[in-house]
Amino acid sequence: MGAFTDRLRSVPAALFGIVALAAGLRLYDLGNESYWLDEIASLNLVAGRTLPEVLIQIPTVDRHPPLYYAILKGWTDLFGTAETVTRLPAVVFGVAAVVVIYGVGARLYDRRVGLLSAAVLAVARFHVDFSQATRMYSLFALLTLLSFYTLVRVVETPTRRTVAGYALATVLLVYTHAFALFVVLAQNVFVVGSRWLDDEGPAVPVRTWLASQVAVGLAALPWVAVLLGQALSSGGGGPTGLTWIPEPTVPRILLTFGAYVDPWNPVIGSLALLLVAGFVAVDYADERTGETSETAETRGDGGAASTGDGVGLTGRERRALLGTWIGVLVVVPVAISYLVTPIYVYRYTVGAAMGVYVLLAASIRLVDSVELRYIVGGVLVLAFLLPLPVYYTQDQHAQWDEVSETVGTDAAAGDVVLVSQPSYASPFEHYFAREDVAVKRLSGSASATEIRRAVHGHDTVWFVSVHVPPDGLRRYRDTLEANRSDADVTKFRGLTLWRFDPGNRTA
């Protein structure tokens, strides 16, 4: 107890304020928005299943491993399925990630880097959004950070205890998201490559590292076997398929890093990152002119960390660790997307974003002028803060609760509701409580015959359109207006509600 108290006292007071800010931002308006499609998928996967069934069955019907779903199952059984309730675990994971990223930054460099990393993550809209969602992404971010933190501990002190901690964190990570395999790959690239970075050999003794990877591999084998079975199965469709993922374009890949600042305006986010990088590069280049190698090592540019809490990694190794952390988690999925099948989705790279935030904080450490260092750090935090007002004042996802409430209030018994994409009927049905109004699922490319068959015997037709191509939308409208009045159209965030009442079409 005394050791814990001493460690708690050694934590900078600023971290408590940063953690409080992170918690406030993630709790604010937590239940305001309706569930979006993937959140409904999470709830549907655990509904009606026992915990053993969640662990055994979900890997065969979903493309993600079962750890988060098992947590969600236990949570919803205890507390229910209201939006605020089901999003609370993500809040906890998100706040915990702020604490762990401080530890990563402080152990790699120093407490200032740790605090700035934590401050950036605390206000990052990219992370706040995931911390307010009934999905596994905030847990994925937390365990990615924890896995790298424990890896650094293994480099510093390769004991059974630190290796066991690393193995446990990494196994939990692998059971959280399929892209965790790229995290493990990045760590192996770093450890194997570190033998060429230091005269003393690899960062972790070979036997110690092999033992940790064997432990992780054996524990993760059941899930990896299921994942390989999905990858080798023909077709690629269904709930475990990836046919919905487009091939990544070069602009989309480059803007991924801007999305870590502002997911809805990645161009502006990219410009903010370039501005900060420019400040750092110019000042660092000026200060490096005429600087001796000894001075460089003192500042942490060439030798072992001298101001950090840990001294296990040299300057080259720290840069290599962050480089492989970010690079492998982005480059390898992109390569697979081009060479095999598209798998690259920017939110799947949330683990890479954690490395980017630490790298940004560490880069500002290179600014020699104290005044300029605070200015650049302030610009960085401000760039992350600016998107938050829009995030909290505008709906970020489709307004399924609003459109369902509108139809539920105004529809008459015997009406029919058409939802343009079968998968999108789930969030509508979640909020729609009327049993005397039929809800039917049609594809966006449904033929006129299919549309007429779906509405046969019904007078008023409600049509919820989402992601319908222009030609499909014209077909829906022409078919439904053939024997009904012109449509009454209401726009919602991400959705359009059409109402076709009985009567001849007006001229």
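Of the residues Ala438, Ala433, which is more than 29 Å from Leu145 (Cα to Cα), in contact with a Gly (Cβ under 9 Å, 6 or more places away or on another chain), surrounded by fewer than 20 Cβ atoms within 10 Å (Cβ to Cβ) and modelled with pLDDT of 90 or more? Spell out how you get there, then give the answer.
Numbers: Ala433 fails: modelled with pLDDT of 90 or more.
From the options Ala438, Ala433, the qualifying one is Ala438.
Quick one: which residue in Gln394, Gln399, Gln421 is closer than 30 Å to Ala141 by Cβ, touching a strand residue (DSSP E or B) at 6+ places or on another chain (Cβ under 6 Å), open to solvent by 10 Å² or more (accessible area, probe 1.4 Å) and of a type outside the set (Ser, Thr, Tyr)?
Numbers: Gln394 fails: touching a strand residue (DSSP E or B) at 6+ places or on another chain (Cβ under 6 Å); Gln421 fails: touching a strand residue (DSSP E or B) at 6+ places or on another chain (Cβ under 6 Å).
None of the other options fit; the residue is Gln399.
Among the helices (runs of 4 or more DSSP H) confined wholly to the stretch 1-53, which include 3 or more residues that are over 30 Å from Asp110 (Cα atoms) and at pLDDT 90 or above? Before the answer, list the steps.
On the way: elements: 2-9, 13-27, 37-46.
Correct list: 37-46.
May I ask you to say which residue of Ala211, Ala231, Ala203 is modelled with pLDDT under 90, among the small types (Gly, Ala, Ser) and over 27 Å from the mean Cα position of the chain (by Cα)?
Ala203
Condition (residue is at pLDDT 90 or above and either β-branched (Val, Ile, Thr) or open to solvent by 90 Å² or more (accessible area, probe 1.4 Å) (or both)) applied to the stretch 495-502: is it met by at least one residue?
Step one: filter the stretch 495-502 for residues at pLDDT 90 or above, giving 495-501.
From what's left, either β-branched (Val, Ile, Thr) or open to solvent by 90 Å² or more (accessible area, probe 1.4 Å) (or both): 496.
Checking the stretch 495-502: at least one residue is at pLDDT 90 or above and either β-branched (Val, Ile, Thr) or open to solvent by 90 Å² or more (accessible area, probe 1.4 Å) (or both).
Return the pair list, or none, for Cβ contacts closer than 9 Å from residues in the stretch 337-348 that are basic (Lys, Arg) to residues that are in a loop (DSSP other than H, G, I, E, B), at least 6 apart or on different chains.
Arg347/Arg135; Arg347/Pro263
So is Ala118 touching an Asp or Glu at 6+ places or on another chain (Cβ under 8 Å) and of a type in the set (Gly, Ala, Ser) or not?
On the way: touching an Asp or Glu at 6+ places or on another chain (Cβ under 8 Å): no; of a type in the set (Gly, Ala, Ser): yes.
Judged against the criteria, Ala118 is not a match.
Residues Thr460, Thr479: which one is open to solvent by less than 30 Å² (accessible area, probe 1.4 Å), more than 30 Å from Gln394 (Cβ to Cβ), in contact with a Phe, Trp or Tyr (Cβ under 8 Å, 6 or more places away or on another chain) and modelled with pLDDT of 90 or more? Steps first, please.
On the way: Thr479 fails: in contact with a Phe, Trp or Tyr (Cβ under 8 Å, 6 or more places away or on another chain).
Only one candidate passes the filter, namely Thr460.
Are there helices (runs of 4 or more DSSP H) fully within the stretch 128-201 with at least 1 residues that are in contact with a Gly (Cβ under 7 Å, 6 or more places away or on another chain) and free of Cβ contacts under 8 Å to residues at least 60 places away in the same chain? List them. Full working, then the answer.
On the way: elements: 137-156, 160-174, 180-193.
Answer list for the stretch 128-201: 137-156.
Right, Val261: part of a loop (DSSP other than H, G, I, E, B), open to solvent by less than 70 Å² (accessible area, probe 1.4 Å), of a type outside the set (D, E, K, R) and modelled with pLDDT of 90 or more or not?
yes
Among the listed residues Leu121, Leu78, which satisfies the condition of being surrounded by fewer than 24 Cβ atoms within 10 Å (Cβ to Cβ) and not aromatic (Phe, Trp, Tyr)?
Values: Leu121 fails: surrounded by fewer than 24 Cβ atoms within 10 Å (Cβ to Cβ).
After applying the criteria, what remains is Leu78.
Somewhere in the stretch 367-375, is a residue open to solvent by 40 Å² or more (accessible area, probe 1.4 Å), closer than 30 Å to Asp38 by Cα, part of a helix (DSSP H, G or I) and of a type outside the set (A, V, I, L, M, F, W, C)?
Among the residues of the stretch 367-375, not one is open to solvent by 40 Å² or more (accessible area, probe 1.4 Å), closer than 30 Å to Asp38 by Cα, part of a helix (DSSP H, G or I) and of a type outside the set (A, V, I, L, M, F, W, C), which makes the answer no.
Could you please find all residues in the stretch 91-113 being open to solvent by less than 10 Å² (accessible area, probe 1.4 Å) and either free of Cβ contacts under 8 Å to residues at least 60 places away in the same chain or not in a helix (DSSP H, G or I) (or both)?
Asp110
The values are calculated or read from the model by the stated rules, or taken from the named source; none is laboratory data. It should be emphasised that the depicted structure is a prediction, and the values quoted were computed from it without experimental measurement. All Cβ positions, even for glycine, are placed from backbone atoms using ideal geometry, and neighbour counts span all protein chains on display. Please note that ligands, DNA and RNA were not included when accessible areas were found on the heavy atoms of the full protein model with its side chains. Shrake-Rupley method; radii C 1.70, N 1.55, O 1.52, S 1.80 Å.
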